[in-house]
Amino acid sequence: MSIANKLARKELIDMVPYQSARRLYASSGSMQGKIWLNANEASGPGIYQVSSDSINRYPDFQPESLINAYSAYSAIAAENMLATRGADEGIELIIRTFCRAYQDSIVICPPTYGMYAISAENHGAGIIKVPLTAELSLDLAGLKAQVGQAKVVFLCSPGNPTGNLLAQQDIKTVLELFADSAIVVVDEAYIEFSPEQSVASWLKTYPHLVILRTLSKAFALAGLRCGFTLANQDIISMISKVIAPYPISAPVADIASVALAPSGLEQVSIRVQETEILRTQLTTWLTQQSWCSQVFKSDANFVLFRCQNEEVKNFIFNGLVEQGILIRDQSKQQNLANCLRISIGSERELGLLQQTIINSFITTTAQTVAKEN
Ligand SMILES: Cc1ncc(COP(=O)(O)O)c(C=O)c1O
């Protein structure tokens, strides 16, 4: 037995870490030459300059330029936010702050973003599942039954991998149900694609509301690792006790501040408009395909769809992988049998994806006909 196995917490030995889009293909060589449509990133790089003037010094705990820029953008006061290494770090910090290991639990509403459960598992927090309804809305009766059983409730709107927004009235009901007993987190990683649906302005009304944001999606900065936790000051102070001393490196703060300046925000708005056009085109195309039995309505930068059966799902997924086009298999998620998710890349990338799928079907049909004759 290795020393790591001998000494590690027993539950880590069999634990499967989050299979991120990058980890899944880590062994498949460089990123070059592949079309990445599996992590809901934006396509195309930005151009940024980094200042190395003070790189010999530790950065500020919360770099002022960054916090002020996000405050101006989000209309949330600086004292109500914490910049983190992506929204993922926000998820982990919330669980570490509010859940005692091996005593407290979180509530999740699957199908949902995988990191809530992984972070809880890592920390030894329990996971209570209250699945979304068949219409992908919150099961309010199911959630009500869990009042008093959990310390944190994670809601995701727009949802990943589903793409739909949760009804604001339902979020309000959950906030009221858990007012005295749990932190209610609304993950708004994709909110730039439906900004009018943000519940950030409710922070003043609900002291137990926490909102997660990121620069990884509409801001096209997934590689930067920068996110924000928005909450009342007491919650921010409490979370600040468990975060690392220098969570945001100086180059990250430099680049993120530029992305949040007016010209950066203009780019975001253009990107969001382009994404919406391409998403509509992809949705229409998928709807017309005989092998596609369902296309989910998306308010984000990806589209989830269901294939007729498992064979077709594997055929499409593997056919794309063979051509270096990577999408995400969501078929293991609750109620998502035979579902795949495509991130909205560039027009060229989505064109190649469609052509590759069409070609795979033509080749297979030709082979079948040849065999029959
Ligand atoms: C719903 C949701 N929340 C959070 C994240 C993590 O974002 P970040 O890159 O800021 O860690 C993702 C990433 O895919 C996501 O889909």
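At 0.36 nm per residue, minus the direct Cα-Cα distance, what do residue 77 and residue 7 gain on full extension? Give it in nm, one decimal, please.
On the way: separation 70, 0.36 × 70 = 25.20 nm, distance 4.46 nm.
Length gained between residue 77 and residue 7: 20.7 nm.
Could you list 84, 275 so that the one with the fewest beta carbons within 10 Å of its beta carbon is first and the one with the most is last? Spell out each step's value before the answer.
Working: 84 26, 275 23.
So the residues, fewest neighbours to most, are 275, 84.
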Amide hydrogen neighbours beyond the local backbone of residue 156, cut-off 5 Å, H modeled: 187
Extension gain, residue 363 back to residue 232 (0.36 nm per residue minus Cα-Cα distance, nm): 41.4 nm
Efficiency of FRET between residue 144 and residue 64 - r from beta-carbon atoms, R0 45 angstrom, step 0.05: 0.60
Normalised contact order of segment 135-260, rounded percent, pairs of Cα under 8 Å and 6 or more residues apart: 18
Debye-sum result for the chain in log10 I(q)/I(0), which assumes one identical scatterer on each alpha carbon, at q = 0.10, 0.15 Å⁻¹: -0.68, -1.43
Cα lying deepest toward the dipole's positive end in segment 64-262, options 94, 202, 155, charges on Cβ: 94
Acute angle (nearest 10 degrees) that the helix 168-177 long axis makes with the longest principal axis of the chain, alpha-carbon atoms: 50
Highest-first arrangement of 326-332, 306-312, 151-157, 204-210, where packing means the average Cβ count within 10 Å: 151-157, 326-332, 204-210, 306-312
Under-5 Å amide H pairs with residue 35, H placed in peptide plane, nonlocal only: 325, 326
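Which loop chymotrypsin sites (Phe, Trp or Tyr not before Pro) in segment 4-104, with loop taken from DSSP, have no more than 12 other Cβ atoms within 10 angstrom of their Cβ?
Details: sites: 18, 25, 36, 48, 61, 70, 73, 98, 102; in loops: 18, 25, 48, 61, 102.
For chymotrypsin sites (Phe, Trp or Tyr not before Pro) across segment 4-104 that sit outside H, G, I, E and B with at most 12 neighbouring Cβ atoms in 10 Å, the list reads 102.
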Dipole in debye (nearest 20) - the chain, about Cα centre, beta carbon charges: Lys, Arg +1; Asp, Glu -1: 780
Cleavage-rule hits (trypsin sites (Lys or Arg not before Pro)) in segment 253-303: DSSP loop, at most 15 neighbouring Cβ within 10 angstrom: 297
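Assign unit charges at the C-beta atoms only (+1 for Lys and Arg, -1 for Asp and Glu), then state the dipole size of segment 64-262 relative to its Cα centre in Debye, rounded to the nearest 20.
Values: 12 positive and 18 negative charges, 53 e Å.
Taking the Cα centre of segment 64-262 as origin, the dipole is about 260 debye.
What 222 nm value per residue comes from the helices of the chain, counting each DSSP H run with n ≥ 4 as -39,500 (n - 2.57) and dividing by all residues, nearest 500 deg cm²/dmol?
Values: 13 runs with 143 residues, N = 373.
Rounded to the nearest 500, the figure is -11500 deg cm²/dmol.
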Cross-link pairs beyond the 30 Å C-alpha cut-off, checked among 10/241; 34/217; 10/297; 10/172; 204/241: 10/297; 10/172
Label-point separation, residue 273 to residue 49 (7 Å along Cα→Cβ), nm: 2.8
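We did not get these values from a lab; they are worked out from the coordinates using the rules stated. Because the structure is predicted, anything quoted here is derived from the model rather than measured. Note that we place each Cβ from the backbone using ideal geometry, even for glycine, and neighbour counts take in every protein chain shown.
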